[in-house]
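Read the figures in this text as sums done on the coordinates, not as results from a lab. Keep in mind that what you see is a predicted model, and the values were worked out from it rather than measured. Cβ placement follows ideal geometry from the backbone for every residue including glycine, while neighbour counts extend to all protein chains displayed.
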Amino acid sequence: MLREMNYFKGINHFLVFDLDGTISDPLTGITHSLNCAIGAFGYPEMDKSTVAQYIGPPLDIIMRKIINSDSSELISNIIGHYRDYYNRIGYAENTLYPEIYGTLQYLIANNIPMGICTSKRVDFAEKILKLFQLLTFFSFISGGDDGIQKTNQLRLLLENEIIDKTAIMIGDRAVDIQAAHENGLKSIGVLWGYGSKEELCEAFPEKILHNPEELKKII
């Protein structure tokens, strides 16, 4: 799903940010939401270090791996429990990465248009951005849902001329970099999230950053 806010049609060089692991750290909220959901169906709880490896891909893909099942009905029911907790409590358990707010302010001050492309549902992404007073920083939010790949989200942004081929995808996991490549976009990997340097290097981004402040130098 796509939500457009301050839509600047025709402006190039969009920076398209992932959300989880790039703008904010979702680990606590996701861990609590997952444990609430899988616990309701008799699965053992998971610790944060285990949950961390699953952050990034769409929720339905994650859930299949966690419960080791292809039952669409079971996965749908567990996801329903997950989203109920996340909508009420889990989203507010996010924390903003240090230096992110100041970096985004700098980009806004330098007239760099920005958007969000996340595997999260768009309503959840909006709630998180509002929590940190960041919603007005972004011209659009492309949110995911079950069965929607980030590659397709970027493709739709291009087809609808919301971004063009000069846009740069910024994210912490290989899936972000691969989605950019598959759409002919450049990409930047970040190491303050959940993807390792090895994972990102194997996806071949144009740059790999160690902290948000480095974005100012690139721009």
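Arrange the peptides 113-121, 51-59 so that the one whose residues have, on average, the most other Cβ atoms within 10 Å appears first.
Working: 113-121: 23.6, 51-59: 19.0.
Ranked by mean Cβ neighbours within 10 Å, highest first: 113-121, 51-59.
Quick one: of the DSSP bridges fully inside the chain, what percent are antiparallel, nearest 5? The partial results should precede the final answer.
Numbers: 5 of 22 bridges.
Here the antiparallel bridges make up roughly 25 percent for the chain.
What percent of all Cα-Cα pairs in segment 27-93 falls into each 10 Å bin, going from 0 up to the bin containing the maximum distance?
With a bin width of 10 Å, the distribution comes to 23, 63, 15, 0.
What ranking of TYR106, TYR194 emerges when the number of other C-beta atoms within 10 Å of each C-beta is taken as an exposure proxy, fewest first?
Numbers: TYR106 16, TYR194 20.
The order, fewest Cβ neighbours first, is TYR106, TYR194.
I'd like the distance separating the alpha-carbon centroids of segment 35-84 and segment 157-191, in whole Å.
First find each Cα centre; the distance between them is then 27 Å.
Could you order peptides 24-32, 94-102 by the average number of other Cβ atoms within 10 Å of their residues, highest first?
Working: 24-32: 21.4, 94-102: 16.6.
Packing proxy ranking, top to bottom: 24-32, 94-102.
For each of ARG155, ARG88, count neighbouring Cβ atoms within 10 Å of the residue's Cβ, then give the residues from fewest to most.
Values: ARG155 15, ARG88 10.
In increasing order of surrounding Cβ atoms, one gets ARG88, ARG155.
Match the structure shown to one of the listed values [x] 0.93; [y] 0.98; [z] 1.09 of Cα Rg over 2.2 N^0.38 Å, computed from it, and give that label.
The value matching this structure is [y].
Could you please rank VAL175, VAL190, placing first whichever residue has the fewest other Cβ atoms within 10 Å of its Cβ?
Working: VAL175 21, VAL190 27.
Fewest-to-most Cβ neighbours within 10 Å comes out as VAL175, VAL190.
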